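Trainee: The following block contains the structure, expressed as structure tokens.
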Amino acid sequence: METFLDANGGEVRLSFKKGTFDREPQHVLVICRFEGRWLLTNHKERGWEFPGGKGEQGESLEETARREVYEETGAILKSLEFLGEYEVCTGNERFVKAVFYGEAAQVEKKTQYFETNGPVLVEGDLLTHRWEEQYSFIMKDRVIERSLERIAENSKNGN
């Protein structure tokens, strides 16, 4: 497990195992690709980031991940795999998010993307690009860095 501070000064603990924390994740972060490019969403307040959000009553984490990706980007996932989970503690607030990696089969054009301005497709090395101004603060923390490294490692090992 790794521990670090996020951009807002919150303590973050990241694990690439299920069930690491004393509470179940209620939120998801979905690292997505579509046709060889990174699929992000343009959040109306924060900027470019991977889709994600909070689960609804009775929804599994996988269902939440698929719904959030569709709502925020119009993408329909053809694959989705659990990657890890992380806990954020800021003052009195504490929550756990599950991290998934998904490949989109298609991206549909929608008239409504909820709290976002729709999909953004990015080519190249996100570890470098994520520092640019248009990216959300979420993209700049170690959760994204370590998750992208983990995806690359899994890809090399055929997982």
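Values in this text are rule-based calculations from the coordinates and carry no lab data. None of these values were measured; they are calculated from a predicted model. Positions of Cβ are backbone-derived with ideal geometry, glycine not excepted, and every protein chain shown enters the neighbour counts.
Trainee: Here are some pairs, K44/K140; K54/K156; K78/K140; K18/K109; which of them have Cα atoms lying more than 25 Å apart in this structure?
Mentor: K54/K156; K78/K140; K18/K109
Trainee: Taking the Cα centre of the chain as origin, sum charge times position over the Cβ atoms of Lys and Arg (+1) and Asp and Glu (-1), and report the length of that vector in debye to the nearest 20.
Mentor: The calculation lands at about 180 debye.
Trainee: How large is the dipole of segment 37-113 about the Cα centre if only Lys and Arg carry +1 and Asp and Glu carry -1, each at its Cβ, rounded to the nearest 20 debye?
Mentor: It comes to approximately 300 debye.
Trainee: For the chain, build the charge dipole from Cβ charges (+1 Lys, Arg; -1 Asp, Glu) around the Cα centre, then report which of S15, A98, F34 sits farthest towards its positive end.
Mentor: Farthest towards the positive end: F34.
Trainee: Show me, for segment 82-94, the HN-Hα J-couplings you get by feeding each phi into the Karplus relation (A = 6.51, B = -1.76, C = 1.60, θ = phi - 60°), rounded to Hz, glycine and proline as x.
Mentor: For segment 82-94, the Karplus-derived couplings read 5, 10, x, 8, 9, 10, 10, 10, 10, x, 8, 8, 8 Hz, x marking Gly and Pro.
Trainee: Whats the longest run of the chain with zero GluC sites (Glu not before Pro) that are DSSP loop and have at most 12 other Cβ atoms within 10 Å?
Mentor: Here the longest run is 57-107.
Trainee: Just to check I understand the Karplus step: with θ = phi - 60° and J = 6.51 cos²θ - 1.76 cosθ + 1.60, what whole-Hz values come out for segment 133-149, glycine and proline as x?
Mentor: 4, 6, 8, 5, 4, 4, 6, 9, 9, 5, 4, 5, 4, 5, 5, 5, 5
Trainee: In the chain, if the dipole is taken from +1 on Lys/Arg beta carbons and -1 on Asp/Glu beta carbons about the Cα centre, which of Y70, G158, Q112 is farthest to the positive end?
Mentor: Going by the Cα projections, it comes out as G158.
Trainee: Hey, got a sec? Which trypsin sites (Lys or Arg not before Pro) in segment 1-103 land in a DSSP loop and have at most 11 other Cβ atoms within 10 Å?
Mentor: Of the trypsin sites (Lys or Arg not before Pro), the ones in loops of segment 1-103 whose Cβ has at most 11 other Cβ atoms within 10 Å are K17, R23, K44.
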